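Chemist: The structure follows.
The values are calculated or read from the model by the stated rules, or taken from the named source; none is laboratory data. Owing to the predicted nature of the structure, the values given are computational and were not obtained by experimental measurement. Glycine gets a Cβ as well: all are built from the backbone with ideal geometry, and neighbour counts include every protein chain shown.
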Amino acid sequence: MKQITRETLSAFLPRREKTAHKGSFGRVLAVAGSRSMGGAGFLCAKSALTAGAGLVFWALPQSIQPAFAAALPEAITLPLAQTADGLLAEDAWTDLLDFIREHRPSLAVIGPGMGQSPLVDKLLFDLSLPLVVDADALNALARRPHWEQHWPKDRPCIFTPHPGEMARLLKEPMAQTQEERLHQVQELCRKTGGVTLLKGCGTLVCVPQAQTPQVWQNTTGGPALAKAGSGDVLSGVIAGLWAQLGTAQGFDAASAAKAALCGVYLHGLAGDLAALKRSDFGVLARDTADALPQAFLEVLQ
Ligand SMILES: NC(=O)C1=CN([C@@H]2O[C@H](COP(=O)(O)OP(=O)(O)OC[C@H]3O[C@@H](n4cnc5c(N)ncnc54)[C@H](OP(=O)(O)O)[C@@H]3O)[C@@H](O)[C@H]2O)[C@@H](O)CC1
Ligand SMILES: Nc1ncnc2c1ncn2[C@@H]1O[C@H](COP(=O)(O)OP(=O)(O)O)[C@@H](O)[C@H]1O
């Protein structure tokens, strides 16, 4: 197993040319949030911007759009139809497609805070964009019978489960997921065909390859990250980095792998840096997002 270190980042981090403009760094579409979990979408969209994406579009239920547009004015928000429970509704699909045709996002990050939204299945199977599949999008996939038989393995994707989501996808007890982390991340990587994480202390990143998938282990991050919303920050960081790498190099498994490796390292480092100021107890997920610029500075030094 390889270690993800500062040297890994020196090799893989996207470059920001002096003459670049926002179009050079890709456009992230975040489909995230619900009435009770708007914060997950906020953390994801904000982190994608902070990781360097040129533009972030955030599709969210219409009732929460005014508050979050004010909280994150740098994101372009798309208010969509919602169910009585405040989840993104299936009816939102047509408006989302119209928006995509007009604004041409480079990739989508789906799932944070979406709950059991009826839109998730369409996003998973009918959206023709590279995907970062997180949180409730992973849970929706796990609920679909024999999902691995239907999943298009050649699609450029990054999957970001924590052990609970991994156990649901592999239909195995969570204790087993934790005992066999290496085996489980390889197993899910084979089933998805995409770059696959297993989050937690020493997050694993599995990169698909012709023979045995290659697994990397992260060396940053600690218990300051064991707090609600840390994973929503991570999926945003990875999406923001992939937008840049994919725009420059193409949206394929190679750019997906670089985005995931750099993303988990920078996210862990941001948590470590936030803990220096706020302790392992006091770090909030938003502090981790706010420490990302310092993490970039450390890596770029
Ligand atoms: N402010 C907001 O809007 C926020 C919104 N959020 C949104 O909430 C939604 C639900 O996401 P979720 O992860 O909270 O619930 P869920 O998928 O049921 O997982 C829990 C299960 O997994 C397990 N488990 C997890 N990690 C583990 C680990 N490292 N190691 C071991 N076990 C681990 C855990 O184990 P246990 O605690 O039982 O030991 C439990 O069984 C999602 O949309 C997300 O985006 C949140 O991000 C919070 C802030
Ligand atoms: N003890 C720990 N050491 C290192 N990283 C951790 C630790 N606990 C949590 N994390 C990281 O924090 C994030 C938590 O993600 P997740 O469980 O999806 O949170 P949420 O759903 O609340 O956003 C993951 O990136 C995970 O690797």
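Chemist: State whether the residues of region 147-159 include one that is polar (S, T, N, Q) and in contact with an Asp or Glu (Cβ under 8 Å, 6 or more places away or on another chain).
Modeler: Within region 147-159, none of the residues are polar (S, T, N, Q) and in contact with an Asp or Glu (Cβ under 8 Å, 6 or more places away or on another chain).
Chemist: What is the number of the single condition among (1) exposed (fewer than 14 other Cβ atoms within 10 Å of the Cβ); (2) over 21 Å from H103 (Cβ atoms) that S128 does not meet?
Modeler: Just one mismatch for S128, condition (2).
Chemist: Could you list all residues from region 206-225 that are within 15 Å of ligand 1 (Cβ to nearest atom) and within 17 Å of the chain's Cα centre (by Cα)?
Modeler: Answer for region 206-225, where residues must be within 15 Å of ligand 1 (Cβ to nearest atom) and within 17 Å of the chain's Cα centre (by Cα): N218, G221, L225.
Chemist: Something else about it: Among the residues of region 205-219, which ones are within 12 Å of ligand 2 (Cβ to nearest atom) and surrounded by 23 or more Cβ atoms within 10 Å (Cβ to Cβ)?
Modeler: Across region 205-219, the qualifying residues are V205, N218.
Chemist: Okay, next question. Which of (1) touching a residue at least 24 places away in the same chain (Cβ under 8 Å); (2) away from ligand 1 (no atom under 14 Å from the Cβ); (3) surrounded by fewer than 24 Cβ atoms within 10 Å (Cβ to Cβ); (4) not hydroxyl-bearing (S, T, Y) is the odd one out, the single condition V195 does not satisfy?
Modeler: (3)
Chemist: While we're on this one: Only one of these conditions is not met by V215: (1) assigned to a helix (DSSP H, G or I); (2) β-branched (V, I, T); (3) in contact with a strand residue (DSSP E or B) (Cβ under 7 Å, 6 or more places away or on another chain). Which number is it?
Modeler: (1)
Chemist: Would you check which residues across region 257-273 are out of contact with any helix residue (DSSP H, G or I) (no Cβ under 6 Å at 6 or more places or on another chain) and either within 25 Å of M114 (Cα to Cα) or among the small types (G, A, S) (or both) and list them?
Modeler: A257, V264, G268 - these are the residues of region 257-273 that are out of contact with any helix residue (DSSP H, G or I) (no Cβ under 6 Å at 6 or more places or on another chain) and either within 25 Å of M114 (Cα to Cα) or among the small types (G, A, S) (or both).
Chemist: When both residues are 6+ apart or on different chains and their Cβ atoms are under 8 Å apart, which pairs have a first residue that lies in region 1-30 and is polar (S, T, N, Q), and a second that is in a loop (DSSP other than H, G, I, E, B)?
Modeler: Filtered contacts from region 1-30: Q3/T219; T5/T219; S24/E17; S24/G54.
Chemist: Within region 179-192, which residues are without any contact (Cβ under 8 Å) to a residue 24 or more places away in the chain, more than 13 Å from ligand 1 (Cβ to nearest atom) and in a helix (DSSP H, G or I)?
Modeler: H183, E187, R190 - these are the residues of region 179-192 that are without any contact (Cβ under 8 Å) to a residue 24 or more places away in the chain, more than 13 Å from ligand 1 (Cβ to nearest atom) and in a helix (DSSP H, G or I).
Chemist: Moving on to the next point. In region 160-186, what count of residues is obtained for those that are more than 21 Å from Q149 (Cβ to Cβ) and within 12 Å of ligand 2 (Cβ to nearest atom)?
Modeler: Residues meeting the conditions: 5.
Chemist: From L96, L49, L60, grab the single residue that is crowded, with 18+ Cβ neighbours inside 10 Å and more than 19 Å from G240 (Cβ to Cβ).
Modeler: Every option except L96 fails the conditions.
Chemist: Take the residues in region 125-154 that are among the acidic types (D, E) and within 16 Å of ligand 2 (Cβ to nearest atom); name whichever of them is nearest to L234 (Cα to Cα).
Modeler: D134
Chemist: Among all residue pairs at least 6 apart or on different chains, which show Cβ distances below 8 Å where the first residue, located in region 217-231, is within 18 Å of R181 (Cβ to Cβ) and the second is within 12 Å of ligand 1 (Cβ to nearest atom) and of a type in the set (D, E)?
Modeler: Filtered contacts from region 217-231: G231/D134.
Chemist: Look at A253 and say whether it is within 11 Å of ligand 2 (Cβ to nearest atom) and over 16 Å from A48 (Cβ atoms).
Modeler: Against the criterion (within 11 Å of ligand 2 (Cβ to nearest atom) and over 16 Å from A48 (Cβ atoms)), A253 does not qualify.
Chemist: Continuing with the same structure: Which of the residues that make up region 241-254 are touching a residue at least 40 places away in the same chain (Cβ under 8 Å), out of contact with any strand residue (DSSP E or B) (no Cβ under 6 Å at 6 or more places or on another chain) and among the small types (G, A, S)?
Modeler: Passing the criteria: G246, A248, A253.
Chemist: Among C201, C157, which is within 11 Å of ligand 2 (Cβ to nearest atom), at pLDDT 95 or above and closer than 22 Å to V233 by Cβ?
Modeler: C201
Chemist: Has region 270-288 got at least one residue that is free of Cβ contacts under 8 Å to residues at least 40 places away in the same chain and near ligand 2 (Cβ under 10 Å from one of its atoms)?
Modeler: There is no residue in region 270-288 that is free of Cβ contacts under 8 Å to residues at least 40 places away in the same chain and near ligand 2 (Cβ under 10 Å from one of its atoms).
Chemist: While we're on this one: Just give me the residues in region 172-192 being buried (at least 19 other Cβ atoms within 10 Å of the Cβ) and in contact with a Lys or Arg (Cβ under 9 Å, 6 or more places away or on another chain), in sequence order.
Modeler: Matches in region 172-192: T192 only.
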